[in-house]
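Asker: Just dropping this structure here.
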Amino acid sequence: MAIAIIPARGGSKRIPRKNIRPFCGQPMLAYAIQAALKAGCFSRIVVSTDDLEVADIARQLGADVPFLRQTTLADDHTGTTPVVIDAIQRLEALGIEAERYCCIYATVPLIQADDLKAAYQRLLASQAPFVYTVAEFDFPIQRAVRMDEQSRVTPFWPEQMAKRSQDLEPAYQDAGQFYWGTRAAWLGGISPVGGEGIGHILPRHRVVDIDTPEDWHLAELLYKVLAQDGV
């Protein structure tokens, strides 16, 4: 079995208390925890937080909070990997160990347990250090343009502009839902998106990055539509 680590600090500037703010009837954090529970891949689901209220809500939702994260690892500049490394080391100091860990972001209301399970199986079947979610860009990146100070627009790759969309190589973005990785990869400080990982493709309609109030509203609309359609 593996361990899920859900980073969920208390602070958030653009959307205050984002990780526990009500989203379609539940605290936002609930969706990550519920998907992890349903996936059945994990011996423990651990929430890493610096905040007592977040910790209390996480426990009520069925997660473990065996420690509180240091405030030095809970600011706007701390990356994901240091937080996961800290959690692994703190857990191992308590005698809690695993060979594989999955970092699940706290603001992923469109996450599905089946994706967690499928990506886990890909990690087990491969020699890759990481498996993480990606989604195809909805427009060919080869046709991207730049704009100067006078608003003049020029293409990044002029030679690509006349090609048909179907003749251009698909490009993918980090979908930002979860990152499966081996213990060695996480503790080695390897970036999950550094070029050695395997992508688990998600449909674009189940990917939304929630950083602003507008993103939040879009995510609610998507969630309601998908829930209505049973997707």
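Asker: A8 versus (1) surrounded by fewer than 22 Cβ atoms within 10 Å (Cβ to Cβ); (2) out of contact with any Phe, Trp or Tyr (no Cβ under 6 Å at 6 or more places or on another chain); (3) modelled with pLDDT of 95 or more: which is the lone unmet condition?
Answerer: Tallying (1) surrounded by fewer than 22 Cβ atoms within 10 Å (Cβ to Cβ); (2) out of contact with any Phe, Trp or Tyr (no Cβ under 6 Å at 6 or more places or on another chain); (3) modelled with pLDDT of 95 or more, A8 fails exactly one: (1).
Asker: Right, something else. Identify, by number, the condition in (1) buried (at least 22 other Cβ atoms within 10 Å of the Cβ); (2) at pLDDT below 95 that P16 doesn't meet.
Answerer: Here P16 clears every test but (1).
The rows are residues; the columns are (1) of a type outside the set (G, A, S); (2) touching a Ser or Thr at 6+ places or on another chain (Cβ under 7 Å).
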{"site": "S165", "(1), (2)": "no, no"}
{"site": "E169", "(1), (2)": "yes, no"}
{"site": "D174", "(1), (2)": "yes, no"}
{"site": "Q177", "(1), (2)": "yes, yes"}
{"site": "R183", "(1), (2)": "yes, no"}
{"site": "E214", "(1), (2)": "yes, no"}
{"site": "A219", "(1), (2)": "no, no"}
{"site": "V225", "(1), (2)": "yes, no"}
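Okay, residues lined up against (1) more than 17 Å from the chain's Cα centre (by Cα); (2) over 30 Å from K224 (Cβ atoms):
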| position | (1), (2) |
| --- | --- |
| S126 | yes, yes |
| T133 | no, no |
| E136 | no, no |
| R152 | yes, yes |
| W180 | no, no |
| G188 | yes, yes |
| S191 | no, yes |
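Asker: In the list I111, I96, which residue meets the criterion of being over 18 Å from the mean Cα position of the chain (by Cα), at negative phi and not in a helix (DSSP H, G or I)? Before the answer, list the steps.
Answerer: Working: I111 fails: over 18 Å from the mean Cα position of the chain (by Cα).
Going through I111, I96 in turn, just one is over 18 Å from the mean Cα position of the chain (by Cα), at negative phi and not in a helix (DSSP H, G or I): I96.
Asker: If I ask for residues that are surrounded by fewer than 23 Cβ atoms within 10 Å (Cβ to Cβ) and of a type in the set (G, A, S), which ones from region 116-136 would you list?
Answerer: Within region 116-136, A118, A125, S126, A128, A135 meet the criteria.
Asker: Any idea how many residues of region 38-63 are without any contact (Cβ under 8 Å) to a residue 60 or more places away in the chain and surrounded by fewer than 16 Cβ atoms within 10 Å (Cβ to Cβ)?
Answerer: 7
Yes or no, residue by residue, for (1) farther than 25 Å from L202 by Cβ; (2) in contact with a Lys or Arg (Cβ under 8 Å, 6 or more places away or on another chain); (3) part of a loop (DSSP other than H, G, I, E, B); (4) not acidic (D, E):
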| site | (1), (2), (3), (4) |
| --- | --- |
| I6 | no, no, no, yes |
| G10 | yes, yes, yes, yes |
| I15 | no, yes, yes, yes |
| K18 | no, no, yes, yes |
| A58 | no, no, no, yes |
| P66 | yes, yes, yes, yes |
| R69 | yes, yes, yes, yes |
| V84 | no, no, no, yes |
| Y101 | no, yes, no, yes |
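Asker: Could you look through region 198-231, keep only residues that are among the small types (G, A, S) and modelled with pLDDT of 95 or more, and pick out the one that is nearest to Y31 (Cα to Cα)?
Answerer: A219
Asker: For region 99-157, which positions are farther than 25 Å from E196 by Cα and among the charged types (D, E, K, R)?
Answerer: R143, R146, D148, E149, R152
Asker: For region 164-203, which residues satisfy the criterion of being among the small types (G, A, S) and not in a loop (DSSP other than H, G, I, E, B)?
Answerer: If the condition is that a residue be among the small types (G, A, S) and not in a loop (DSSP other than H, G, I, E, B), then S165, A175, G176, G181, A184, A185, G199 are the ones that fit.
Asker: Next question. Can you pull out the residues in region 20-56 that are in contact with a strand residue (DSSP E or B) (Cβ under 9 Å, 6 or more places away or on another chain) and part of a helix (DSSP H, G or I)?
Answerer: L29, A30, Y31, A32, I33, Q34, A35, A36, L37, A39, V54, A55 - these are the residues of region 20-56 that are in contact with a strand residue (DSSP E or B) (Cβ under 9 Å, 6 or more places away or on another chain) and part of a helix (DSSP H, G or I).
Asker: Pairs, please: C-beta under 9 Å, at least 6 apart or cross-chain, first residue without any contact (Cβ under 8 Å) to a residue 12 or more places away in the chain and in region 154-174, second loosely packed, with under 14 Cβ neighbours inside 10 Å?
Answerer: What qualifies is T154/V145; T154/R146; T154/M147; T154/D148.
Asker: Just one of A74, A98, A113 is closer than 22 Å to L29 by Cα, at pLDDT 95 or above and either touching a Gly at 6+ places or on another chain (Cβ under 6 Å) or surrounded by 13 or more Cβ atoms within 10 Å (Cβ to Cβ) (or both); which is it?
Answerer: Of A74, A98, A113, the one residue that is closer than 22 Å to L29 by Cα, at pLDDT 95 or above and either touching a Gly at 6+ places or on another chain (Cβ under 6 Å) or surrounded by 13 or more Cβ atoms within 10 Å (Cβ to Cβ) (or both) is A113.
The values are calculated or read from the model by the stated rules, or taken from the named source; none is laboratory data. Keep in mind the model is a prediction, meaning the values are calculated, not measured. A quick note on method: Cβ atoms are made from the backbone with ideal geometry, for glycine too, and the neighbour counts reach across all protein chains shown.
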